[in-house]
Structure formats: C-alpha cells, structure tokens
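Asks: Below: one structure in structure tokens.
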Amino acid sequence: MQWKGRRQSSQIEDRRGGDGGGMPGGGGFRIPMRRGAGGGGIGIVGMIIIGAVLWFGFGVNPIDVFMGGQQGGGTVTQTANGPGVQGAADETDDFVATVLADTEDVWTKRFQAEGQTYQLPTLVLFSGGVASACGQASSASGPFYCPGDQKLYIDTTFFRQLRDQLNSPGDFAQAYVVAHEVGHHVQNLQGILPAFDQARRQASSETEANALSVRVELQADCYAGIWAHDSQASGYVEEGDIDEALNAAQQIGDDTLQKESQGYVVPDSFNHGTSAQRQTWFKRGFETGDMAQCDTTKGDI
C-alpha cells in the first residue's frame, strides 16, 4: 500500500505508557501457547487459546471477561480474538494514522453523497489495558470499537501477532483490521449497531445471539472492502494488497481459529463468520463498491 508521505489523521489518542487503563494486574489474562506449539508454560508467543475457548467453547465474549462484564455504551465489536505482543514501532503508528486518514476521506465523501455528515471516529492506541465507555479491556481482547464513545481501540503490537502468530503478513492486512473497525463506526452512525445491540439482548439463545453477531461482523468486512475499493480508485492500492487482506480474513475466520486453538469447530458458537464468509463479504465490498451490496440483515450469508 502506498502510504508514506500522505496525510495522517489527527484523530489519534495515544494512551500508551500509562497504568494499563486500570486493568487489574496490568492487563488481565496471560494466554498459553497455541495447540501443538513448541515450548512450555504460559507465554506471549501464540497467545490465542483462552480467547478462542471463551468465544467458541463457552459462548462468552472474552472482552466481557476482561472488562468485568458489559458496562454500558453498547456492544464492543472486534476484528479478531487474541492478544498482542510488546513493542510497536513508530512507523506502525504513522501507518495507522495514514490508514485512518484514508478511511476519513472515503467515508466523508460517501456520506456527503447521501447528504449526510460523517462524524470522524477517534483511534486510541494503548498498551496492556485501556478504559473505554464500554468498560475496561486488555490487549488480549484484540482491536475493538466502542459505540459508546465512538472510538477504535488498538494495541498496535497486535499487528505483530497478526504477522507472526496468525500468518497474516503485509501492511494491507493491518489496514484491513483498521478498516474493519471503522466499518463498525459506520454501522453505528447508520443506526445498525444500536439495533443489533437491542436484538442481541432479546435473543432467545446464545446461538441466536452469535448468529446476529456474525451478520454484523460480515457487514463490517464488506465495508472494509468498500474502503479498499475507493482506496484503489485513488491509486493507493498496490499489487498483492488485496491478497494480503483476503489472507487475513482467512486466518481470522471462526472455523480457522477454532481448528488452530482446539482442533475442532463448533458452528453454533461462531460470532465473526467463517474464513470463507469473511473473504466473500470483503470481496463483495471491494468488487462492487456498492454499500447496498453489504446488507447482511437479510437472506443467506
């Protein structure tokens, strides 16, 4: 992705270097090695299992665990489950700020075309733990969006995990993560997230609630594809970029994560979508550039 020398967003809030956002013990759970990995004990490399087990085995959103339960502000929405590792580079910060600026340009134009005003979200960079309007969270919850304060929260060391533990290298894989969370912000402005939050609370079972979550997450993937479509039209997408995003979507699909973490899948516990679904909906947004094609509320997904 061509990003160096371009405008960077001023909507960045750096909370790194603090006290971990009030998280007990400086960040909550420590995640053990992934299934079949070398080494022993509890470590940082391959830190994914507990989040996956909470999500997939017990139907529990790990961010609710790390926050001590939902504390208002709406449902927290995430790109993927899993913690980061320490040590973000300054270049990564510049990259994230540039990608955020690009999403601002894309969605401002699209909202203006509909006679609406796009409200810019704030991206919070944190390390270890952070407090949001949705409660407290740790890096182990992964990047997330909180509708209560209209902020995206990213521990940029997650990108190292994306590359090293989730087999998703490339700057456009990282851009996909940011664009997906911005997609949730767009949903919030459209009223989709508040409606989803209400429907999820009224769901008759955890399986039904998970199915609703899948639809919301896949639409955010589609919106990320919309951003990629417009970014390509502006000449910023390079050869191989879309493949990087599609590979990331593959690696963080519910079925892939479950197979990696526990060796089998539990479809009723899916809440982000399968690898194939995540790739399909990203491609739909990218190939059509039509937001109407991102409606996941009806029909098969």
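Asks: Do you know which residues across the range 99-152 are more than 25 Å from Lys4 (Cα to Cα) and among the aliphatic types (A, V, I, L, M)?
Replies: Ala113, Val130, Ala131, Ala133, Ala137, Ala140, listed by residue number.
To keep it simple, each residue is scored yes or no on (1) assigned to a loop (DSSP other than H, G, I, E, B); (2) more than 24 Å from Gln161 (Cβ to Cβ); (3) of a type in the set (Ser, Thr, Tyr); (4) in contact (Cβ under 8 Å) with a residue 60 or more places away in the chain.
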{"site": "Glu244", "(1), (2), (3), (4)": "no, no, no, yes"}
{"site": "Asn247", "(1), (2), (3), (4)": "no, no, no, yes"}
{"site": "Thr256", "(1), (2), (3), (4)": "no, no, yes, no"}
{"site": "Ile301", "(1), (2), (3), (4)": "yes, yes, no, yes"}
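Asks: Here are some conditions: (1) surrounded by 19 or more Cβ atoms within 10 Å (Cβ to Cβ); (2) farther than 17 Å from Tyr176 by Cβ. Val265 meets all but one. Which one does it not meet?
Replies: Going through (1) surrounded by 19 or more Cβ atoms within 10 Å (Cβ to Cβ); (2) farther than 17 Å from Tyr176 by Cβ one by one, Val265 breaks only (1).
Asks: Restricting the range 125-148 to residues that are closer than 26 Å to Met291 by Cβ and crowded, with 19+ Cβ neighbours inside 10 Å, which is farthest from the chain's Cα centre (by Cα)?
Replies: Cys134
Asks: Return a yes/no flag: does the range 172-190 have any residue that is surrounded by fewer than 19 Cβ atoms within 10 Å (Cβ to Cβ) and at pLDDT 95 or above.
Replies: Yes, that holds for at least one residue.
Asks: Right, another one. Return a yes/no flag: does the range 261-283 have any residue that is at pLDDT below 95, assigned to a helix (DSSP H, G or I) and in contact with a Lys or Arg (Cβ under 7 Å, 6 or more places away or on another chain).
Replies: yes
Asks: Would you pick out the residues in the range 133-173 that are at positive phi and not polar (S, T, N, Q)?
Replies: Selection gives Gly135, Gly142, Gly170.
Asks: Let me ask something else. If you scan the range 208-236, which residues turn out to be of a type in the set (S, T, N, Q), farther than 20 Å from Ala195 by Cβ and in a helix (DSSP H, G or I)?
Replies: Listed by number, the residues that qualify are Ser231, Gln232.
Asks: For Glu239, work out the one condition from (1) in a helix (DSSP H, G or I); (2) more than 16 Å from the chain's Cα centre (by Cα); (3) under 17 Å from Ser168 (Cα atoms) it doesn't fulfil.
Replies: Only one criterion is unmet by Glu239, namely (1).
The values are calculated or read from the model by the stated rules, or taken from the named source; none is laboratory data. Computed from a prediction, not measured in an experiment: that's the story for all the values here. Heads up, the Cβs are rebuilt from the backbone with ideal geometry, glycines too, and the neighbour counts pull from every protein chain shown.
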